[in-house]
Amino acid sequence: MSDNNSQSAATPFWRDERYLQILGQVVFVLLVGLFFYSIARNMITGLARQGMALGFNFLKSMSGFDIGEMLIEYSRSSTYGRALLVGLVNTLMVSVLGIIFSTILGIILGVARLSTNYLVNKIAAFYLEVMRNLALLVFLIFWYLGVFLKLPRVKDAILWPGNILLTNRGVGIPWGVPTETFGTYRLILLGGLVLASAVAVILHYRGRRTGRPPLTTLWFFVTLVGAAAIGWIVLPSAPLALDLPYVKGLNLAGGRILSPEFMALFSGLTLYTAAFIGEVVRAGIQSVSKGQVEASRALGLSGFQTLRLVVFPQALRVIIPPLTSQYLNLTKNSSLAVAIGYPDFFYVSSTVINQSGRAVEMISLIMLVYLATSLLTSVFMNWYNQKIRLVER
Amino acid sequence: MNKKYFALLALVIVASMVLSACGGAAPTAAPPAETSAPEPTTAPAAPAPAQVEFTAPGYGGTLTTVKERGMLICGVNSQVPGFGYVDAAGAFSGLDVDYCRAVAAAIFGDPEKVEFRPVTASERFTALQSGEIDILSRNTTWSLQRDTELNGNFVHTTYYDGQGMMVPKDSGITDLAGLDGGTICVQTGTTTELNLADVFAAQGIAYTPAVFDNADNTFAAYAEGRCDAVTTDKSGLVARRAVLPDPENHVILDVTISKEPLGPMVRHGDDQWFDIAQWTVFAMISGEEFGLTSANIDSMMSTATAPEVRRFLGLEGDLGLKLGLENNWAYNVIKLVGNYGEVYDRNLGPDTPTYIPRGLNKLYLDGGLLYAPPFR
């Protein structure tokens, strides 16, 4: 008892490290909380003094403005909320396409950078250095004002092989238009997908049993494409009719018209991000120790097999985390669209802010939407990272 | 696995924070009551100086702030010659810019005590609401929504305008129907953008908008042939045509899509400031009506006999003091900046590259719409 007393007298709690650590954290959290509370309160009282209420009901009122390009139904009598959705879909379209194409180009660049062919190696190195040292905004404006707006006017449109029309109103590409058999064809495609998955699963398990590496991915696609081709031939009429772009009056019509703003943003983002992805890929490949390559050659694997079965699976572990950052960068960088007039989410939002005067709500919404898309991307990429990481046995 | 949950958790936390911040708005209808609560206590506490000012929220605050700062901050355009334009040397000029100088002259007796802050169409109202600028004088169209929801008060119309359409001469387009299926360049965050949608929907003309963030980008894209036509206020079209690479190859169609009364705007909640801003416009208009110019006003000081002119000049009565200014404020406006006609001629007159006939912007005596209430 007395011993206990002297113990506590010796180290009172304000000098006890265990308490202090917790206390320090509690104080820090309180301070941060207080900071955010005070700025939120400051804003709300400030707005109230000016007689401005907060709320998201304005999203249901009519927007009154038109948007240049949209993938979903929209007109001036649609709501602000709908306008924002149009912008979000536009952002997602350019981001997803940008991610796909910059990944493909990036992998090619990364491998080319390691090539022993002098010319290929130096061209890739030159490209990477130039791209990585350019400001993206400058690059986008170059593509917009310097390339796509410099294309000829509609009446002097350039026709490229493959019926691609180049004008300063946009690039027209041939596009499929669904015919009446398209519904049936969609079912055939679905069936093909199920069949191909079944083939892949069977091959995968057989490969495990026999120990022979099965070409799962290859056969998956062969089955899928086979089913698609058979369906196309068997149906009485083709499910998609080819629609070619042509000049109609003041504008292009038919096919699919990609606006100069979209083309500039898409090319700019893709070429820029591909350079960074190229470096990520190169770093990943170089992280695989030379012994691994030598061992696989000693086992008699070919060059391509070495790359596919030994180097890439190990490199992927290093590549995925920085690759995720690049994907996130691309998505966020798409908001630079505001400089060249592509109606992405941020651009439509700033129009809504201006026409409705709801700056606080809209800025919170913009932050929330970008945060949500980024977090969703990283959740997916983290899941993939978990899946491919080296399982230690 | 942990990372995944952490990411989801973070998302949920942020979402709930934002939602609660917004949800918190409704209950905080209380703060106005809270902030107004001190007023009754201060009002009885200060009966000693007999002239207790009527303290509506913000009343008189703007003028005090401006005087303490020693400088008026005016949100202007920097891209429309004749209205608000900054030249290569960094000097601002234009009708809207000179109005700011007139307000500075009325307050300080010095038209140079004004800082011009260029704002884009889409950021102008936020700049005014947040107090970053004292007056917005940026060819802004008066509309009900802006007068109410955007928390501003339009002072008076300083330029009666209408929305027009400019096309390249060789296109052969003469009316709106000729633009069917075409692309039209327009600037975002403007009434122009909304009028365009309204009128074309009403007339059933299909078009694609190409929307840009500022006037420079809009007209650069038009000059590159991105659009079949460009639309904005007619004054803006005239002004921007003057700075196109090939002005002679562009025509402004003889159609007016909408009424565009342009004028300066101040924040809600400071009626004294509103009065100063409004009567500065009236002083410029009345100055022209009374025949007072920056050249003759000094001699008029000794020769003027009409009582209203003498009140205007501050020789009789205390009109300036009622506004919270010096009694010779209107004299300063005319002497240092000029009357409406002088300012108009300086920026949009026949000798300027941006010449626009005065049209509706003449005195009511000459068949225009400019009409100021009496100085009494």
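The values are calculated or read from the model by the stated rules, or taken from the named source; none is laboratory data. In this text the structure is predicted, and so the values were computed from the model without any measurement. Positions of Cβ are generated from backbone atoms using ideal geometry, with glycine treated the same way; all protein chains shown enter the neighbour counts. These accessible areas exclude ligands, DNA and RNA; they are computed on the full protein's heavy atoms, side chains included. Shrake-Rupley method; radii C 1.70, N 1.55, O 1.52, S 1.80 Å.
Sequence-ordered 3J(HN,Hα) estimates for segment B:307-322 from the Karplus curve with 6.51, -1.76 and 1.60 and θ = phi - 60° stand at x, 5, 5, 5, 5, 4, 7, x, 7, 10, x, 9, 4, x, 5, 4 Hz, glycine and proline given as x. When chain A is treated as a GNM with alpha-carbon contacts under 10 Å, the residue of A:Asn168, A:Asn42, A:Asn121 showing the greatest mean-square fluctuation is A:Asn42. Once backbone amide H atoms are built at 1.01 Å from N, B:Ala229 has B:Thr183, B:Cys185 as its partners under 5 Å, excluding neighbours fewer than 5 places away on the same chain. Length, then width, then depth: along the principal axes, the Cα atoms of segment B:297-376 run 40, 27, 24 Å. In this view, the solvent-accessible surface of A:Trp160, computed with a 1.4 Å probe and all protein chains in place, comes to about 140 Å².
Net charge in the neighbourhood of A:Pro178 (other residues with Cβ under 11 Å of its Cβ; Lys, Arg +1, Asp, Glu -1) is -1. From the Cα gyration tensor of segment B:161-260, with a ≥ b ≥ c the square roots of its eigenvalues, which class applies: rounded if a/c is under 1.5, or else prolate if a/b is larger than b/c, or else oblate? In terms of gyration-tensor shape, rounded. The Cβ shell under 15 Å around B:Arg311 holds other residues with a net charge of -2, Lys and Arg each +1, Asp and Glu each -1.
In chain A, the ratio of gyration radius to Kirkwood radius, Rg to Rh, stands at 1.08 when only Cα atoms are counted. Which of the listed residues, A:Leu71, B:Ile135, A:Ile320, is farthest toward the dipole's positive end in the protein assembly as shown, when Lys, Arg count +1 and Asp, Glu count -1 at the beta-carbon? Positive-most Cα among the choices belongs to A:Ile320.
Multiplying each eigenvalue of the alpha-carbon gyration tensor of segment B:83-216 by 5 and taking the square root yields semi-axes of 33, 18, 13 Å, largest first, rounded to whole angstroms. Within the listed set A:Arg308, A:Arg18, A:Arg282, the Gaussian network model of chain A (springs between alpha-carbon atoms below 10 Å) gives the highest mean-square fluctuation for A:Arg18. Could you please report the charge total around B:Tyr85, scoring K, R as +1 and D, E as -1 over all other residues with beta-carbon less than 12 angstrom from its beta-carbon? Neighbour charge sum, excluding B:Tyr85 itself: -2.
Per-residue Karplus couplings for segment A:171-182, computed as 6.51 cos²θ - 1.76 cosθ + 1.60 with θ equal to phi - 60°, are listed in order as 10, x, 10, x, 8, x, 10, x, 9, 6, 8, 5 Hz, Gly and Pro entered as x.
Remark: for residue pairs B:Lys259/B:Lys362; B:Lys335/B:Lys362; A:Lys290/A:Lys387, the C-alpha separation exceeds 19 Å in B:Lys335/B:Lys362; A:Lys290/A:Lys387.
Computed with every protein chain present, the accessible area of A:Leu137 is close to 70 Å² [probe 1.4 Å]. Work out, in µm²/s and without decimals, the Stokes-Einstein translational diffusion coefficient of the protein assembly as shown at 25 °C, 0.890 mPa s, Rh from Kirkwood over C-alpha pairs. D, rounded to a whole number, is 78 µm²/s. Karplus-based coupling profile of segment B:104-110, in residue order and whole Hz: 4, 5, 5, 7, 9, x, 8, with θ = phi - 60° in 6.51 cos²θ - 1.76 cosθ + 1.60 and x standing for Gly or Pro. Computed with a 1.4 Å probe on the full set of protein chains, the accessible area for A:Leu244 sits at about 70 Å². Using alpha-carbon positions, what is the distance between the centroids of segment A:252-282 and segment B:214-233, in Å? Going from one Cα centre to the other spans 24 Å.
Using a Debye calculation, one point per C-alpha and no hydration shell, please list log10 I(q)/I(0) for segment A:241-393 at q = 0.08, 0.14, 0.15 Å⁻¹ in order. Once normalised to I(0) and log-transformed, intensities are -0.42, -0.90, -0.95. The charge dipole of the protein assembly as shown, taken about the Cα centre with unit charges on the Cβ atoms of Lys, Arg (+1) and Asp, Glu (-1), comes to about 4440 debye, rounded to the nearest 20.
Over the protein assembly as shown, DSSP H runs of length four or greater, each weighted -39,500 (n - 2.57), average out per residue to a 222 nm ellipticity of -17000 deg cm²/dmol.
With contacts taken as Cα pairs under 8 Å at a separation of at least 6 residues, chain A carries a relative contact order of 21 percent.
Distance from the Cα centroid of segment A:110-161 to that of segment B:131-201 is 38 Å (rounded to whole angstrom). When Rg and the Kirkwood radius Rh are both evaluated on Cα atoms of segment B:225-369, their ratio Rg/Rh stands at 1.07. Segment A:Thr217..A:Leu371, full-extension length gain: 52.1 nm, with 0.36 nm per residue of separation and the alpha-carbon distance subtracted.
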